[in-house]
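Step one of this worksheet: look at the structure below.
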Amino acid sequence: MATSDLHVAYPENRRIVAGMRPQSDDDWLIVAGDVGEITEDFTWALTLLRERFDTVIWAPGNHELWTPPSDPVQLRGEERYRHLVDICRGLGVLTPQDPYPVWDGPGGPVTVAPLFVLYDYSFRTPTAMTKEQALAQAYEAGVVCTDEMLLHPDPYPSREAWCHARLVETERRLAERDPELPTVLVNHFPLVRDPTRVLYHPEFAQWCGTEQTAKWHVRFDAKVVVYGHLHIPRTTWHDGVRFEEVSVGYPREHRQRGMPRGVLRQILPAVTAS
């Protein structure tokens, strides 16, 4: 099963998470980022889910990496990420820093690979040739991601530099996996650009991924790719590979569009449409 973008600072979403339960004692749960911004909320949600599911696998979203003034934990950048990894390890939750687990249940065996790959502003509009032009367009349109204020890349000089460092490490890890097994790739941001083309504000796509991962689902033999971030829960196919956007999203989106089809999406075995 998989979910993402829980945003448990909202009481409505906190109730949704409190109601999340496995269908069997053997169920695994993938949490593809944006559990919450405050460390205490993050810990509460993953503690509850780990108590209920056999295995919980987390990949960070941008909101967890924020350093909001209201959080007593004021770590920034890489230090904040490593602190969240330590919290997960204390709970028994798997992270991108741990050995990739193998799902041997129905639809397996597959290697489940939680990834931490940021964005590098390469998902630009056709009229923006550089990051600077893309940001200028976003500010002019009034569509600017809060990351610009709260997601600090320390000790890297920029978010794209942190992204490139993560790309190198992640590619190495994926290349070292068992090549005999297909993968389930889990990343908060979509690994391909196509899902961002339906965004109401195309300027926002620059905070949604990197062109450098465009063929990872093929290179690393993905059976399924799981992601969130866009708050557009749906199933799409790219090069014959199933992509699942599994976000819960904000309460205002639920009121406008209704709840997503299943706040827990079944990843394996594949659900056959009736």
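Take the Cα of Gln74, go 7 Å toward its beta carbon, and the backbone nitrogen atoms of region 11-39 under 18 Å from that spot belong to 38-39. Counting only Cβ charges, +1 for Lys and Arg and -1 for Asp and Glu, the dipole size of the chain around its Cα centre is about 620 debye. With no solvent and one equal point scatterer placed on each C-alpha of region 1-156, evaluate the Debye formula and give log10 I(q)/I(0) for q = 0.16, 0.17, 0.21 Å⁻¹, two decimals. Log10 I(q)/I(0), no solvent term: -0.95, -1.03, -1.33.
Here the label points at Asp104 and Asp178, each 7 Å from Cα along the C-beta direction, are separated by 0.9 nm in the simple model. Note on region 141-274: with neighbouring protein chains present and a 1.4 Å probe, carbon and sulfur make up 53 percent of its accessible heavy-atom surface.
Of all alpha-carbon pairs in the chain, indicate the percentage at a distance above 29 angstrom. Value for the chain: 27 percent of Cα pairs lie more than 29 Å apart. For the residues Arg255, Arg193, a 1.4 Å probe over the protein chains yields an accessible-area ranking, largest first, of Arg255, Arg193. Once the C-beta distance of Arg234 and Thr127 is scaled by a Förster radius of 30 Å, the resulting FRET efficiency is 0.65 to the nearest 0.05. From its DSSP helices (H runs of at least four residues, each -39,500 (n - 2.57)), the chain gives a residue-normalised ellipticity at 222 nm of -8500 deg cm²/dmol.
For region 83-132 versus region 135-195, the spacing of their alpha-carbon centroids is 9 Å.
Computed with a 1.4 Å probe over protein heavy atoms only, the accessible surface of the chain comes to 43 Å² per residue.
Once the chain from Glu12 to Leu91 is taken as fully extended at 0.36 nm per residue, the excess over their C-alpha distance is 26.0 nm.
Each of Pro60, Thr130, Ala32 was scored by the projection of its Cα onto the charge dipole of region 14-145, and the greatest displacement toward the positive side belongs to Thr130; charges sit on the C-beta of Lys, Arg, Asp and Glu.
The values are calculated or read from the model by the stated rules, or taken from the named source; none is laboratory data. Because the structure is a prediction, the values reported are computed rather than measured. Here the Cβ is made from the backbone with ideal geometry for all residues, glycine too, and neighbour counts use every protein chain on show. Heads up: the accessible areas ignore ligands, DNA and RNA and are worked out on the full protein's heavy atoms, side chains in. Shrake-Rupley method; radii C 1.70, N 1.55, O 1.52, S 1.80 Å.
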